[in-house]
Amino acid sequence: MTLHHRQGQRFLPYGANYLDWQDMPELREVIEHQVLFRYQTEQESMASRLERLVSERLGVARTLAVHNCTEALRLALISTRPSVGDLVHIPAVTFVAVAGAVLSCGLIPVLVDADESLSLDPTLLPADARRVIVAHMEGSVAALPQGVPYVIEDCAQTLGGRFPDGREVGTAGYAGVYSFHHNKVLTSGEGGLVVSNDEQAWARMRCYHDHGSARVPGRYPTWDQDAHYGENFVTSEEVAAIQCQQFRHLDEVLAGLERMYGLALEALPNRTDLQALPRTRGDVKVSLRFRCESRELRDAAVAALTAEGIANWTLGKYLLPEHPVLTGRRSLYADGFPWSLAPEGQALALSRDGFARTRDLLERTLCIPLSPELPQEQQAVAVKAIRRVLEAV
């Protein structure tokens, strides 16, 4: 599809643009081998190859491939060996899957308000916080709290980001999780990874994700005397093969995003009422983010961009204090589990102003995705289309 027909918008999610039958040797290898289950073969499985490649690329000791990022979050939480009803502090601005992962482990989510960057504000955490999930949202690298035993990094939207010290996001805390959902940086439709430098944590996650077994490739699973129950989160060989192909293009995707972001910063209109939010060097430049003077201006910009066929989105859907799962403490259990275990009289939300500032920031924020797969000259044309619309709002 040509840029003329796309009218400057990102036609497909980032990694999906790099899917190509001529570039799928891993998938061809899996099909020719005729084994789609990772533990059925005595040779290195494709899933094991993916885990090895990811560990090398991210500079982390251990990687485990699973069905999706929500499962990865659950594994990370379960590996901390919590007690049912324990509190987990999570961002007030993130996808509801984070709260769902906490609740499905029998734990209680505590919403922590955002700072000016819309990341979890670590200054609001209590001194005795033990489990904290930090979400690196919209390509932004969030600050991690210090002195917390179990910091889990949700990197679903920021694969390839780096901290100021050069470490990859997901590798600085107790564990990091990633998503290969359709609209993420890389995609296999669905799919997830969990990484950790804690060997014992990884061993617990590996066992739990395969029915608690002591699995040996090519053999039926066995259970030793220290076995515990588990579930089936084992990824398949064909999904791992697509993820291997995608990972080979990660640096290319990141470079394309950086290039278009640089072009956009030079060309965007200089308006005090519609300002581009700065990104740090280590952020993944998945989008241009704007802070508008008012919600009315934001809505007008959304309408104008949409009318021109230019992709855009807002972030209100991520405000968990207004999500029915949290507001209504909804549960499929007859006794309301695990909400029924929430400590009486203890606030399950930490905010200085009842999330009023965060709500205002979200209502005035606009995101326009970038197109890393386009050559530079077409990226420049797309940026001009964005500028033309924003100048006229």
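The values are calculated or read from the model by the stated rules, or taken from the named source; none is laboratory data. Quick caveat: nothing in here was measured; it's all calculated off a predicted structure. Here the Cβ is made from the backbone with ideal geometry for all residues, glycine too, and neighbour counts use every protein chain on show. Side chains are part of the model used for accessible areas, which takes the heavy atoms of the whole protein and leaves out ligands, DNA and RNA. Shrake-Rupley method; radii C 1.70, N 1.55, O 1.52, S 1.80 Å.
Obtain the nm distance between the two label points defined at L12 and E293 by a simple spin-label model: each point lies 7 Å from its Cα along the Cα-to-C-beta direction.
Distance between label points: 4.1 nm.
Which three extents, in angstrom, do the Cα atoms of the chain have along their principal axes, listed largest first?
69, 59, 41
If you build a Gaussian network model of the chain, linking Cα atoms that sit under 10 Å apart, which residue out of G189, G166, G256 swings the most?
Looking only at G189, G166, G256, the biggest GNM fluctuation is shown by G166.
Could you estimate the translational diffusion coefficient of segment 286-393 from the Stokes-Einstein equation, with Rh from the Kirkwood formula over C-alpha pairs, at 20 °C and 1.002 mPa s, in whole µm²/s?
127 µm²/s
In debye, nearest 20, what is the charge dipole magnitude of the chain about its Cα centre with +1 on Lys and Arg Cβ and -1 on Asp and Glu Cβ, if you could check?
Roughly 520 debye for the chain.
Per residue of the chain, what 222 nm ellipticity follows from adding -39500 (n - 2.57) for every DSSP H run with n ≥ 4, rounded to the nearest 500?
Roughly -9500 deg cm²/dmol at 222 nm, from the helical runs in the chain.
Please find the FRET efficiency linking D128 to R387, where r is the Cβ-Cβ separation and R0 is fixed at 45 Å, and quote it to the nearest 0.05.
0.35
Given 0.36 nm per residue, what is the gain on full extension from A300 to R81 after removing their alpha carbon distance, in nm? Could the numbers behind the result be given before it?
Values: separation 219, 0.36 × 219 = 78.84 nm, distance 4.89 nm.
The A300-R81 span can extend by a further 73.9 nm.
What's the extension gain from A143 to R330 if we count 0.36 nm per residue and subtract their Cα-Cα distance?
Full extension of this stretch gives 64.3 nm more.
Working from the pairwise distances between different alpha carbons, so that the mean of 1/r is found and then inverted, what is segment 68-135's Kirkwood radius in Å?
12.1 Å
Which of F337, W313, H323 sits farthest toward the positive end of the charge dipole of segment 285-351, with +1 on the Cβ of Lys and Arg and -1 on the Cβ of Asp and Glu?
Projecting each Cα onto the dipole axis, the largest value belongs to W313.
Taking the square root of 5 times each eigenvalue of the Cα gyration tensor, what semi-axes in Å does the equivalent ellipsoid of segment 240-310 have, largest first?
30, 15, 11
Using DSSP to call loops (not H, G, I, E or B), can you name the GluC sites (Glu not before Pro) in segment 250-337 whose Cβ has at most 16 other Cβ atoms within 10 angstrom?
Those satisfying the criteria are E293, E308.
Any idea how far the Cα center of segment 232-296 sits from the one of segment 322-393, in Å?
16 Å
Work out the length of the dipole vector of segment 138-277 about its Cα centre, built from +1 on the beta-carbon of each Lys and Arg and -1 on the beta-carbon of each Asp and Glu, and round it to the nearest 20 debye.
80 debye
Probe of 1.4 angstrom, ligands and nucleic acids ignored: what's the accessible area per residue over the chain, in square angstrom?
45 Å²
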